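Following: one structure in structure tokens, then a few remarks.
What follows is calculated from the coordinates using simple rules that are stated; it is not laboratory data. Everything quoted here is computed from the prediction, not taken from an experiment. Counting neighbours? That spans all protein chains shown, and the Cβs are built from the backbone with ideal geometry, glycine included.
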Amino acid sequence: MNALNRYYWPTKYESRDSFINQNVKCVFISYQNNDKNEAKKIADYLISAGINVYFDEYDGDLKRTNQSSQPNKVTDSLCKGINNSTHMLVVVSPTTIISKWVPFEIGYGYDKTDIAVLCLKGIPKNTLPEYIRTSKVIRDIYDLNTEISNIKGVPKDLLLENFTIRKHNYSYHDLKNVMDEIIT
């Protein structure tokens, strides 16, 4: 089965149990609105690696909602996205600290998903918000490839060999301008 944005899945599961029973891995992408372009590139990379994602930018329910006047509809859509996910990837940039929704998403997904923090290019360790410092931190493309390997349950070498993922130092890597290649 090819990976997809879970919003387009034929059935939006109304309950967490009905989703879990499908035994499908899905990553909820959490990000601050200023990081939308970078988050989309990360979502697309995960999809190209064969991992389903929930990326709210494609959620038609959210696009039709005035977020400032209808926060309940926003909350409902995000909760459904998290309920239909096994993992959460929190994209962190200097603007994450001002986000209104990222802390909510983390709090709601805390006991439902496997949370990891993905640092955008050049984010120093000591700048991570306190509420996410206890989660697994993905500092570079090398770490992201390792996380993809873990989610899929397939050795990273095999994923690289089959071109499911691209080596962190590949000169035309999709995420070269989004994340650091490798931090030693």
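Computed log10 I(q)/I(0) for the chain at 0.08, 0.09, 0.12, 0.18 Å⁻¹: -0.23, -0.30, -0.54, -1.25, from the Debye equation with unit scatterers placed on every C-alpha and solvent omitted. A straight Cα-to-Cα reach below 23 Å connects residue 176 with the lysines 36, 40, 41, 121, 125, 136, 152, 156, 167, residues fewer than 8 places away in its own chain not being considered. Computed from point charges on the beta carbon alone (+1 for Lys and Arg, -1 for Asp and Glu), the dipole magnitude for the chain about its Cα centre is near 140 Debye.
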